[in-house]
Amino acid sequence: LQSSLKELFGADKYSRARKEVLTYMFSRPMQVALYFCTGVLEDETLFRHYALNVPFYTHFTSPIRRYADIIVHRLLSASLGVSSPIKMEKEDIQRQAEHCNDRKMASKRVQELSTDLFFSVFVRVR
């Protein structure tokens, strides 16, 4: 896909703009990662990361960024025996994960609508 896209980008003065638009259009429909509690899901195939081709995957970033990352850090730390277990039932963790997913999806939708709006204005002005 990447080599095909490179051919479409071209080398003229619009190549950078074409690259931005095409990359956005192709990445937009990709499946969004969701937070979930592994103790609630029985189907372990849902734990896999398709693009990385690994059967079990946990993603997190710095815990100063998102609440979900704080929970993942705490759970990982407890599972490694570095800290005591968090006092939440798996159903409570799943509810928190679902709430984080809802907020993430709402944020993504607003971002997409904003991008569409500004792109429309850009096209209209040009």
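Structure above, values below:
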{"item": "Contour excess over end-to-end distance, with Cα ends at V82 and T23 and 0.36 nm allotted per residue", "result": "17.1 nm"}
{"item": "Kyte-Doolittle at least -1.0, axis length at least 30 Å by Cα - qualifying DSSP helices, the chain", "result": "90-125"}
{"item": "Largest to smallest accessible area among T115, T58 [probe 1.4 Å]", "result": "T58, T115"}
{"item": "Among V54, Q96, Y14 - extreme Cα towards positive end, dipole of the stretch 1-119, charges at beta-carbon", "result": "Y14"}
{"item": "Under DSSP loop assignment and at most 14 Cβ neighbours within 10 Å, longest GluC sites (Glu not before Pro)-free interval of the chain", "result": "43-88"}
{"item": "Å² of accessible area per residue within the chain, as computed with a 1.4 Å probe and no ligands counted", "result": "83"}
{"item": "Shape of the stretch 47-106, Cα gyration tensor, a/c cut at 1.5", "result": "oblate"}
{"item": "Shape of the stretch 21-75, Cα gyration tensor, a/c cut at 1.5", "result": "oblate"}
{"item": "Protein accessible area in the chain, 1.4 Å probe - carbon and sulfur %", "result": "59"}
{"item": "Exposed chymotrypsin sites (Phe, Trp or Tyr not before Pro) absent: longest stretch of the chain, with sites in DSSP loops and at most 16 other Cβ within 10 Å deemed exposed", "result": "61-126"}
{"item": "Estimated distance in nm for a label pair at S15 and F122, the labels positioned 7 Å out from Cα along Cα-to-Cβ", "result": "1.9"}
{"item": "Those trypsin sites (Lys or Arg not before Pro) in the stretch 77-107 that DSSP places in a loop and that have at most 13 other beta carbons within 10 Å", "result": "K87"}
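The values are calculated or read from the model by the stated rules, or taken from the named source; none is laboratory data. No experiment lies behind these values; they were computed from the predicted model shown. Cβ sites come from the backbone with ideal geometry, for glycine too, and all protein chains shown count toward neighbours. We work out accessible area using only protein heavy atoms, side chains counted, and drop any ligands, DNA or RNA first. Shrake-Rupley method; radii C 1.70, N 1.55, O 1.52, S 1.80 Å.
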